[in-house]
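All remarks here apply to the structure that follows.
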Amino acid sequence: MTAIPYHRAFVAENQLGHVTEAMYGELSSGYGPFGERAARLLREMTGAGHVVLTTSATTALDLSALLLGVGPGDEVIVPSYTFVSSASVWVLRGAVPVFVDCRPDTLNIDEELIEAAITGRTRAIVVTHYAGVGCEMDRITKLAERYGLALVEDNAHGLGGSYRDRPLGTFGRLGALSFHVTKNVQCGEGGALLVAEDALARRAEIIREKGTNRREFFRGQVDRYRWVEMGSNFMLAEPLAAQLVAQLESFGEIQRRRQDVWRAYHESLAAWAHDNGVARPVVPPECAHPAHIYHLLLPDMANRQALIAHLAGHGVQAVFHYFPLHSSPAGERYGRTAPGGCPVAESVADRQVRLPLYPGLEERELRRVIDAVTSYRVS
Ligand SMILES: *Cc1c(COP(=O)(O)O)cnc(C)c1O
């Protein structure tokens, strides 16, 4: 019995062909035809004004911090229950992340707690759409407007997801996507920044290209390129953009299988979850999600650990993630926790487990995971 891993990378049919074409093409750095195609496909999928490809979601968030000019003395509101990059990029600029607790149902930032975390120093609100299930964006966009704060979406999970039919990543001034190997669409390492405003998008192109206007040079708009701004190098190389194009061309196929697996878990585990006091994912009616994660919340940590061990005994690898940021070593050193602390994030982090979910999960493997879970009894 071979073990069923938590994750297997999906490789699209055209992926190798596209990479070969990119390697032998005239431009295998940035600005090649695959980079243009990937950005166009992402614009079509999201309706974003501009799509700026980057080397990762982390560098897309880095770029956000540079674009917004956040720096020493500033505070940025971030969820505690998210990936480290949602917070660390602000620290890199000398700002203080202020950690807000999550909701017990969607595990997204608790919109009711954001206002109490706002101070005269607050510059931005960061939200992460956990598992690609949208945060309460009606409330959050209004808060950001009322206080004049930039809204930044860490949409690493949510490509293809929507809130009241509007694609995730397009509510804020800036939205970050990840194409890390573990995400629904992957090119190993890669990302993109969705940008609403033209002026910000133009600056984003400059900052990701070492602070030069090289893009305008490539487009024939200027006859030489020069250093015009601060900057770094967040350019996605053409062979990775080529893989991204192949994956985006297969998005329908990827999503069909992911949705099938997600629904199979949700239906097949309903009775077991009910009998054992286990919570399944909650998707509010206004949200459509891209089946990025299937997680369960056990009644306590002992049962979570026991379930993971039980699954391992049945050849199924399950994992847990995240550790809350507010109580992590760097979170304590660089950040501040909003009034009331983050008790929900702490509780959820102790009780959560994620099941294997990817297009290559075969039908008999899916059954094996479900049988392994339902043969566990919560004690
Ligand atoms: C994966 C992930 C990131 C980081 O993405 P990279 O592309 O690996 O930098 C950021 N935020 C969240 C919520 C993620 O899941």
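If you filter the range 80-105 down to residues that are buried (at least 21 other Cβ atoms within 10 Å of the Cβ) and without any contact (Cβ under 8 Å) to a residue 60 or more places away in the chain, you find that the one that is farthest from the ligand (Cβ to nearest atom) is 95.
Residue by residue, here is whether (1) in the same structural domain as residue 256 (by TED's automatic domain parsing); (2) touching a Cys at 6+ places or on another chain (Cβ under 9 Å); (3) surrounded by fewer than 19 Cβ atoms within 10 Å (Cβ to Cβ) holds:
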| residue | (1), (2), (3) |
| --- | --- |
| 326 | yes, yes, no |
| 339 | yes, no, yes |
| 342 | yes, yes, no |
| 362 | yes, no, yes |
| 379 | no, no, yes |
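Look at the range 13-29: where a residue is within 20 Å of residue 235 (Cβ to Cβ) and a partner is surrounded by 12 or more Cβ atoms within 10 Å (Cβ to Cβ) and among the aromatic types (Phe, Trp, Tyr), sitting 6+ places away or on another chain with Cβ atoms under 7 Å, you get 18/34; 22/34. Selection within the range 1-52: residues that are exposed (fewer than 13 other Cβ atoms within 10 Å of the Cβ) and of a type in the set (Asp, Glu). The member of this set that is farthest from residue 214 (Cα to Cα) is 13.
Results for (1) touching a residue at least 24 places away in the same chain (Cβ under 8 Å); (2) away from the ligand (no atom under 15 Å from the Cβ); (3) outside the structural domain of residue 285 (by TED's automatic domain parsing), shown as yes or no for each residue.
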position: 53; (1), (2), (3): yes, no, yes
position: 61; (1), (2), (3): yes, no, yes
position: 69; (1), (2), (3): no, yes, yes
position: 107; (1), (2), (3): yes, no, yes
position: 115; (1), (2), (3): yes, yes, yes
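Kindly indicate whether residue 149 is within 16 Å of residue 60 (Cβ to Cβ) and of a type outside the set (D, E, K, R). Quick ask: steps written out before the conclusion?
Working: within 16 Å of residue 60 (Cβ to Cβ): no; of a type outside the set (D, E, K, R): yes.
Against the criterion (within 16 Å of residue 60 (Cβ to Cβ) and of a type outside the set (D, E, K, R)), residue 149 does not qualify.
Every test in (1) surrounded by fewer than 21 Cβ atoms within 10 Å (Cβ to Cβ); (2) within 15 Å of the ligand (Cβ to nearest atom) is passed by residue 143 save one, and that test is (2). Just for the range 179-200: of the residues that are farther than 27 Å from residue 250 by Cβ and of a type in the set (A, V, I, L, M), which one is farthest from the ligand (Cβ to nearest atom)? This residue is 199.
Look at the range 201-214: where a residue is part of a strand (DSSP E or B) and at pLDDT 95 or above and a partner is crowded, with 20+ Cβ neighbours inside 10 Å and of a type in the set (Phe, Trp, Tyr), sitting 6+ places away or on another chain with Cβ atoms under 9 Å, you get 209/234. Residues in the range 238-260 that are surrounded by fewer than 16 Cβ atoms within 10 Å (Cβ to Cβ) and either basic (Lys, Arg) or in contact with a His (Cβ under 8 Å, 6 or more places away or on another chain) (or both): 256 alone. The condition of being within 16 Å of the ligand (Cβ to nearest atom), assigned to a helix (DSSP H, G or I) and within 10 Å of the chain's Cα centre (by Cα) holds for only one of 131, 176, 156, that being 131.
Considering each residue of the range 261-277, count those that are surrounded by 21 or more Cβ atoms within 10 Å (Cβ to Cβ) and either assigned by TED's automatic domain parsing to the domain that holds residue 36 or out of contact with any Lys or Arg (no Cβ under 9 Å at 6 or more places or on another chain) (or both), and give that number. It would help to see each step written out before you state the result.
First pass over the range 261-277, keeping only residues surrounded by 21 or more Cβ atoms within 10 Å (Cβ to Cβ): 261-262, 265.
The next check asks that each one be either assigned by TED's automatic domain parsing to the domain that holds residue 36 or out of contact with any Lys or Arg (no Cβ under 9 Å at 6 or more places or on another chain) (or both); those that pass are 261-262.
Of the residues in that region, 2 qualify.
The values are calculated or read from the model by the stated rules, or taken from the named source; none is laboratory data. Just so you know, these numbers come straight off a predicted model, no measurement behind them. Counting neighbours? That spans all protein chains shown, and the Cβs are built from the backbone with ideal geometry, glycine included.
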